[in-house]
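**Student:** Once you've had a glance at the structure underneath, I'll fire off some questions.
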Amino acid sequence: MALIGASQSIAAPLGLGLAAAGANVVDVPATLAARARLLTTGGGRKTDATDAASVARVALHHHRLNPVQPEDQSTILRLLTEHRDDLTHERTRILNRLHGLLRDLVPGGAPTGLSADKAATALRGVRPANATDACRRDIARHLLAALRRIDAQLKNCETELSQAVTATGSSLTELPGVGVIMAAKILGYVGDVVRFPNADHFASYTGAAPTDASSGPRKRHRLNTGGNRQLNSALHIIAVVQAHHTHLGRAYYQRILGEGKTPAEARRALKRRLANIIYRRILKIRNNDFSATFLADRGAISGPPTPPDPATTAPGSSKRQGQEVIPGRATERARPTPSQTRFERREARVLMADMRRAKIELTVMPSAGDIVTACLDAIPISLNDVTTLVEQGCPGGLELTQMRQCRLAKNLFTAVLGHLDDVRDTRLAAHLRDWIDTKPRLG
């Protein structure tokens, strides 16, 4: 089922209700539906029938539409963040009005950096000389009471935000410049991070990646003024903090300046690097949750968890520090190993649909053998069938169902290649190697 704005419009209750009931609902952006309507006859006129047909065409031909998910912890974080922003704006408006009244009541004007305590102190010394000043004083008292109420609500909201961020288990607050409020805003507006195929798509969504404006042999890029401006603002604040108050961030910022870039361009480059780091941080936690629920759904969890490698968990180890710092020449280890990156991203994309169906919480982490077993069991075709299909000319010249089976088999065993060396069961490892040998035949 396809709906326009199934998560952020008047159709949101219907879309969320269907998703909670187990229906497959995709969110069709209104801009895509409008473009599809222009390709039909009728001059692009908008009617219920043409809208429904346009949405159906987009849903059938566009394979990267976001599925509508039931509301989760990210929705709570976004709601609390938006509520805090509203309270902050209201507090600023009250302070401006209160400052204007005190300017007329207090000789010499109101103090700068006005707060509830400063305003109360100033009001206690006010002696109205006429009815007009008495009216100003009464209004100022009402505004002061409203300001104290807003301050109390902000304090409660920040406490709820802290608890909600802790419940996610996110490590974003370990990054310099990322506090509880900033982490809540990022997690709330990002939502389900696996909807982004890679870090480049995530950076484009946040507006941190420049837009290509090349023409012929001339290569040039422009500032991206689109994307999610809330996330872009969060990245900007983090970049400013790291460029001036952290060693690694400032070293990278100074290196870009040394290449002849302006301060604004260096800050944008730092934002782009930060987008990669934040994406990997969120995806790492999401992949762990997906792997655990996927295996729990199939009952594949057995035995104690695999002990961690001391070389990767030692405080001075640089093996996992590629995901902790700003990539660049100033770091000893700039990136994670290719096998880790490939597994973390492919597993999230390939197994996403099956993992979302599971609702079981785990008390132990799955071993490498558990992950390999679950993925190989999910392959809808056997090795003998693959050999038969290859003799028929796989994947070319086959039916659509057979082609999809070949592709799914390839994706599933490719997703667990990073665990081959960790599998202790010799028969299971040999079975996985047999599948690896068939990879060139699957196309």
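The values are calculated or read from the model by the stated rules, or taken from the named source; none is laboratory data. Since we're looking at a predicted model, the values are computed, not measured. Positions of Cβ are generated from backbone atoms using ideal geometry, with glycine treated the same way; all protein chains shown enter the neighbour counts.
**Student:** Would you tally the residues in the range 68-79 being in contact (Cβ under 8 Å) with a residue 60 or more places away in the chain and within 13 Å of G22 (Cα to Cα)?
**Tutor:** 2
**Student:** Further question on the same structure: Pick from A122, A110, A140: which is touching a residue at least 24 places away in the same chain (Cβ under 8 Å), touching a helix residue (DSSP H, G or I) at 6+ places or on another chain (Cβ under 7 Å) and surrounded by 12 or more Cβ atoms within 10 Å (Cβ to Cβ)?
**Tutor:** Exactly one residue qualifies, and that residue is A140.
**Student:** In the range 197-227, which residues are over 23 Å from A239 (Cβ atoms) and under 19 Å from the mean Cα position of the chain (by Cα)?
**Tutor:** Across the range 197-227, the qualifying residue is only P197.
**Student:** Could you check, for the range 251-265, whether at least one of its residues is at pLDDT 90 or above, surrounded by 21 or more Cβ atoms within 10 Å (Cβ to Cβ), within 25 Å of T166 (Cβ to Cβ) and in contact with a helix residue (DSSP H, G or I) (Cβ under 7 Å, 6 or more places away or on another chain)?
**Tutor:** No, the conditions are met nowhere in the range 251-265.
**Student:** Still on this structure: Going by the structure shown, is L77 surrounded by fewer than 14 Cβ atoms within 10 Å (Cβ to Cβ) and either out of contact with any strand residue (DSSP E or B) (no Cβ under 8 Å at 6 or more places or on another chain) or not assigned by TED's automatic domain parsing to the domain that holds P197 (or both)?
**Tutor:** no
**Student:** Could you check the range 68-83 and list, in sequence order, the residues that are aliphatic (A, V, I, L, M) and under 8 Å from A184 (Cα atoms)?
**Tutor:** L77
**Student:** Any residue at all in the range 51-74 that's of a type in the set (S, T, Y) and either modelled with pLDDT under 80 or part of a strand (DSSP E or B) (or both)?
**Tutor:** The answer is no; no qualifying residue exists.
**Student:** Grab the helices (runs of 4 or more DSSP H) fully contained in the range 191-279, keeping just those with 1 or more residues being within 25 Å of R84 (Cα to Cα) and free of Cβ contacts under 8 Å to residues at least 24 places away in the same chain.
**Tutor:** So the answer is 229-245.
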